[in-house]
1. Collect the residues in segment 51-68 that are surrounded by fewer than 16 Cβ atoms within 10 Å (Cβ to Cβ) and of a type in the set (S, T, N, Q), keeping them in residue-number order.
2. Among the residues of segment 37-48, are any polar (S, T, N, Q) and surrounded by fewer than 17 Cβ atoms within 10 Å (Cβ to Cβ)?
3. Trp71: assigned to a helix (DSSP H, G or I), exposed (fewer than 12 other Cβ atoms within 10 Å of the Cβ) and among the aromatic types (Phe, Trp, Tyr), yes or no?
4. Taking interchain pairs and intrachain pairs at least six residues apart, which have beta carbon atoms under 7 angstrom, with the first residue in segment 48-64 and within 19 Å of Ala12 (Cα to Cα) and the second part of a loop (DSSP other than H, G, I, E, B)?
5. Say whether the condition of being on the phi > 0 side of the Ramachandran plot, in a loop (DSSP other than H, G, I, E, B) and either over 16 Å from the mean Cα position of the chain (by Cα) or surrounded by 15 or more Cβ atoms within 10 Å (Cβ to Cβ) (or both) is met by at least one residue in segment 19-31.
6. If I go through segment 12-33 residue by residue, how many of them are free of Cβ contacts under 8 Å to residues at least 60 places away in the same chain, of a type in the set (S, T, N, Q) and under 29 Å from Leu65 (Cβ atoms)?
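Coordinate-derived values only; no laboratory data. The structure displayed is predicted, hence computed values, not measured ones. Positions of Cβ are backbone-derived with ideal geometry, glycine not excepted, and every protein chain shown enters the neighbour counts.
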Amino acid sequence: MLLRLIRIAAIATALTVGFAKSQAATLARSGETVPGARWALAAVSLIFLVSAVVTERTRRDTPNLQKDLLWGLGCGGIAAAIAVG
């Protein structure tokens with residue numbers, strides 16, 4: 001269980017940091033960020049979260065890296081959309 005939480009946190013952190021650095025690089029290069037990128041990331045992250053819930057319910061006891069990846073991408077995307085905004 002602890003290893004699973006560490007994997008989810010690592011994926012979420014990597015996505016959050018990567019998105020923030022990408023937005024900072026775009027801002028430094030062109031003087032503005034892509035309009036709506038934050039909302040697009042939030043929308044895709046909600047899809048990942050819904051997929052994570054469905055996968056958890058259908059593959060309950062099966063250990064699967066896909067479930068951790070879905071949770072990490074969903075939580076990290078939401079965190080990045082909030083943090084960068």
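1. Those that are surrounded by fewer than 16 Cβ atoms within 10 Å (Cβ to Cβ) and of a type in the set (S, T, N, Q): Thr58, Thr62, Asn64, Gln66.
2. Checked against the condition, which is being polar (S, T, N, Q) and surrounded by fewer than 17 Cβ atoms within 10 Å (Cβ to Cβ), segment 37-48 yields no hits at all.
3. No; evaluated as a whole, the condition is false for this residue.
4. Final answer for the pair search is none.
5. Yes, segment 19-31 has at least one match.
6. 1
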